[in-house]
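The values are calculated or read from the model by the stated rules, or taken from the named source; none is laboratory data. The structure displayed is predicted, hence computed values, not measured ones. Cβ coordinates were reconstructed from backbone atoms using ideal geometry, including for glycine residues, and neighbour counts include every protein chain displayed.
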Amino acid sequence: MAGGADPPDGPPDGTPDGTPEGLPGRDEDQDRPVVFDESFIRAARLQELSAHERMGDDTPAVRRRPGAEANDPGPVPDLDAAYEYAYDLHHRHHWRSSRRRSRGRRRRAGAARHAIGSRVGALILVLLVATVFAVAIHLGSRYPYQPPPDARAAPLRVTLVALAPTGPVSGGRPADLFARSPAAQYRPGAAGITLPPVRRTAHFTEGQVMAALDTAKAFLVRSALDPDTVTGGSTRPVRLLVDPDQFTQFDRSVESPSADGRHATSGWLIRFDPARVALADPGIRVRGTLQAAEASADVLEVTADHTYTYALRPAGPDAGPDAARDRASLFTVRREVRFHFDRDDLRMRRAELVTSHVQAGPVDCAADLSGALRPLLAGERPTSTTPPTADPFAGTPAAATPLCATLPTGAAPPQPQGRGATEP
C-alpha cells in the first residue's frame, strides 16, 4: 500500500504542519486519503471468489492468488474465518442500516396514519355533537319540559267512628277484665306490634323496606302505647316522626282540634282527657298487622291495622287503690293508619301520614272524638245510641259529620257475677 500524498496546492490551511486548527496533536498520516494502487492489488495473497463460485456449500469464501507463493512470508492463519468475520461485519452493518431506514419509514407512516385518524376522529366527534344537539332541539320542541309535581306531603285525612254500648259498661279488676275480653291473648306494649317478613320490592331494597316498617312501628308505639302520651303528656316524641310538611297540621290538630276530617287529635295519636280518666294498668294490650308495598317507584307504603285495649279508671283525688282494683273498665280503639315513605323519609326516619281511620268505644254516640277521648267508665251508660242529625244544607264540611256505631256485646267483657260486680 502506497503512502498518502499532499494535495497539489500544498497542505491545508491551519497550522504550519498542516494539522487543522482545533485538533492539536493529530498525526498527519491520519488525515491523508488511503490509496489502493496497482502494486497493492498485485501483492494481495487472497482473492474473493465470484458469486457463481460461492454457490457451493463447502466452497471457501476466498482462495490464494496464483503466484503469491513466491512472495509468501508464511502461512496465513485461518484466512476463511478472517474473511467471513469481515463479511459478517459488512452484512451486519448493511442490515442495521436497512433496519433503521425501515424503522424510519414505519415511523413516518405511523405519524401520517395518526394524523389522518385524528382528523377523522375530530370530524366524527363534531358530527356526533351536532346530531345530539339536533335531537335535543327536536325533542324539546315536541315535548317541552314540565316541572316535576310538588313533592310536598299531602294533608292527613281522618275518619272517626264512635262506638256506643247498648248497656252499662262492665267494671272490675284489670287482669280479670282482660281475661274475659277478646284482648286476653293480646301482648302488652311494643311486643304486640310485630313486623312481617321483610322482602325487597321492585324499586326499594330490603334495608329500605325494613327502615319503613321500623319507623311505622316506632310511630305506633309513641302515639298509642306510650303511657305519657296517652295520659296527656308531651307530643314531641310523636311529632319528631312526622314529615316536616305536616308539622302545621299536626300542631293545629293537637292545640285546636276540629272534627273537619283534617285536624282531629285522634288521627295522629290516642289521648284521654287526663282530668277525667287515668290508666288502671300501664300494660296496653295490642294486636294487628303491618304490611309494606310500593305505592309508586318513588314511594313505599306501609299500612298498619291494630286494635288497642286500655284498662282505665276514674281520675281525681278520690280515686284510690280500690278504684284501680275494682272500678277499672276496658276501652278499645281500632286504628288503621296508612304511611308513605319517599327516599328522604327513609333516610331521615320519618313518616308521611296519608289516612287514619279510628273506631273507639265505649263512648256516647254524640261524643266528639276529635280531641281528647272521653270514654264511658265502669257502670256508665250512653245517653244516646242514635247518631246525631246531619243537615246537608248546613254548609259544614261533610267530613265533620259525626259517625256512630253500636259496640257489639262480644267486644266488651261480660258483667262479672257475684262479689266484685259493679252496680250500674
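What are the residues in region 159-215 that are in a helix (DSSP H, G or I), of a type in the set (D, E, K, R) and farther than 30 Å from CYS404 by Cα, if any? Residues satisfying the conditions are GLU206, ASP214.
Quick grid of which residues meet (1) at pLDDT below 85; (2) in a loop (DSSP other than H, G, I, E, B); (3) within 18 Å of ALA224 (Cβ to Cβ); (4) not β-branched (Val, Ile, Thr):
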residue: VAL354; (1), (2), (3), (4): no, no, yes, no
residue: GLN359; (1), (2), (3), (4): no, no, yes, yes
residue: VAL363; (1), (2), (3), (4): no, yes, yes, no
residue: ALA366; (1), (2), (3), (4): yes, yes, no, yes
residue: PRO375; (1), (2), (3), (4): no, yes, yes, yes
residue: THR383; (1), (2), (3), (4): no, yes, no, no
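In region 278-295, of all residues being of a type in the set (A, V, I, L, M) and surrounded by 19 or more Cβ atoms within 10 Å (Cβ to Cβ), the one that is nearest to the chain's Cα centre (by Cα) corresponds to ALA292.
Filter region 183-219 down to residues that are β-branched (Val, Ile, Thr) and over 22 Å from TRP268 (Cα atoms) and give me whichever is surrounded by the most Cβ atoms within 10 Å (Cβ to Cβ). Filtering region 183-219 for residues that are β-branched (Val, Ile, Thr) and over 22 Å from TRP268 (Cα atoms), the one surrounded by the most Cβ atoms within 10 Å (Cβ to Cβ) comes out as VAL209.
What number of residues within region 254-289 are outside any loop (DSSP other than H, G, I, E, B), without any contact (Cβ under 8 Å) to a residue 24 or more places away in the chain and not β-branched (Val, Ile, Thr)? Steps first, answer last, please.
Taking region 254-289 and keeping what is outside any loop (DSSP other than H, G, I, E, B), we get 254-255, 265-268, 272, 277-289.
From what is left, the residues that are without any contact (Cβ under 8 Å) to a residue 24 or more places away in the chain are 254-255.
This time we only want the ones that are not β-branched (Val, Ile, Thr), so: 255.
Qualifying residue count for the region: 1.
Assess whether THR248 counts as being more than 27 Å from the chain's Cα centre (by Cα), under 30 Å from PRO174 (Cα atoms) and of a type in the set (S, T, N, Q). No; evaluated as a whole, the condition is false for this residue.
Note on region 232-277: residues that are surrounded by fewer than 20 Cβ atoms within 10 Å (Cβ to Cβ), within 15 Å of LEU369 (Cβ to Cβ) and touching a helix residue (DSSP H, G or I) at 6+ places or on another chain (Cβ under 8 Å) total 5.
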